[in-house]
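Colleague: Please read through the structure below; I'll follow up with questions.
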Amino acid sequence: YESHPGKTLIKHTNGVCDKATQIWDSPVVRIASKGHDFGKLNINFGKKLRGEDCTGLYTSHAYLSYLTLISYYLERKTTGIIPSLRDLIVAAVCVIKHHGALRNFDEIINPEERDRLFEFLKDDPYFPVHEFMKQIGFDTTGRPINHRLCLGNQKIFGAIFTDLKLLN
């Protein structure tokens, strides 16, 4: 998998994490930098990078990365690298907005993009994020993180900013 033409996703992810933690070494920085491009494991993103026609295909990556981080947290609240709900929220905001502007919390989620993501996940895509997590040092014991688990967490997609009880 590539992050950019000619650059592997693993090399890019490790490079971003190394640079980011040189500036500020904290759990939030490690979580956000390692998880910011999980969505690039979407096979359609690879097609887009290769210049293939992707008309009608879901090629975005930030929302899928965000949902994957939330799903990871929900599965491993006590054993994962995400130490607290506060850390998850900060990292999730960084991930979902890493190519855009940070607005008010009630404007972070774009409903159209969210709906496109869930339509993509319903089509049972190949999304090997569990294997990638192993390669970058995430705890992968327990139930695998995959597109089905992410789809099952759609009810809490935007709730992390409005109703934190759903994450407890």
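The values are calculated or read from the model by the stated rules, or taken from the named source; none is laboratory data. Here the structure is a predicted model, which means the values were calculated and not measured. Cβ atoms come from the backbone with ideal geometry, glycine included; neighbour counts cover every protein chain shown. Calculation scope for accessible area: heavy atoms of the full protein, side chains included, ligands and nucleic acids excluded. Shrake-Rupley method; radii C 1.70, N 1.55, O 1.52, S 1.80 Å.
Colleague: From the phi angles alone, apply the Karplus equation (6.51, -1.76, 1.60; θ = phi - 60°) to the stretch 120-128 and give each ³J(HN,Hα) in whole Hz, x where the residue is Gly or Pro.
Modeller: My calculation for the stretch 120-128 gives 4, 5, 5, 7, 6, x, 6, 9, x Hz in order.
Colleague: Further question: If you rank Thr59, Thr68 by how much accessible surface each has, with a 1.4 Å probe, what is the order from largest down?
Modeller: Thr59, Thr68
Colleague: Once you put a point 7 Å from the Cα of Arg116 and another 7 Å from the Cα of Lys11, both along the Cβ direction, what distance in nm separates them?
Modeller: So the label points at Arg116 and Lys11 sit 2.9 nm apart.
Colleague: Okay, moving on. Accessible area of Asp53, 1.4 Å probe, to the nearest 10 Å²?
Modeller: The accessible area comes out at roughly 120 Å².
Colleague: Another question, if that's okay. Rg to Rh for the chain: what is it, with Cα atoms only and Rh by Kirkwood?
Modeller: Checking Rg against Rh, the ratio lands at 0.93.
Colleague: Below 24 Å, Cα to Cα, which lysines can Lys19 reach? Residues fewer than 8 away in the same chain don't count.
Modeller: Here the lysines satisfying the reach criterion relative to Lys19 are Lys7, Lys11, Lys34, Lys40, Lys97, Lys134.
Colleague: Roughly how much of Asp139 is accessible, in Å² to the nearest 10, using a 1.4 Å probe?
Modeller: Solvent-accessible area, nearest 10 Å²: 30 Å².
Colleague: Going by average Cβ neighbours within 10 Å, how do the peptides 143-149, 21-27 rank, with the highest at the top?
Modeller: 143-149, 21-27
Colleague: What do you reckon, how do Ser84, Ser33 stack up by accessible area (1.4 Å probe), largest on top? Intermediate values should be presented prior to the final figure.
Modeller: Working: Ser84 35, Ser33 10 Å².
Output order, biggest surface exposure first: Ser84, Ser33.
Colleague: If r is the Cβ-Cβ distance from Arg148 to Glu2 and R0 is 22 Å, what FRET efficiency results, to the nearest 0.05?
Modeller: After rounding to 0.05, the efficiency reads 0.35.
Colleague: Right, next: Order the following by accessible area, largest value first: Arg116, Arg50. Probe radius 1.4 Å; ligands, DNA and RNA are ignored.
Modeller: Arg50, Arg116
Colleague: To the nearest 10 square angstrom, how much accessible area does Ser65 have with a 1.4 angstrom probe?
Modeller: Result for Ser65: roughly 0 Å² accessible.
Colleague: Take the solvent-accessible surface of the protein heavy atoms, probe 1.4 Å, and return the percent of it on the chain that carbon and sulfur atoms account for.
Modeller: Details: 4470 of 8610 Å².
Ligands and nucleic acids excluded, carbon and sulfur give 52 percent.
Colleague: Within straight cross-link reach of Lys77, meaning Cα distance under 16 Å, which aspartates and glutamates are found once same-chain residues fewer than 8 apart are removed?
Modeller: Partners found: Asp87, Asp139.
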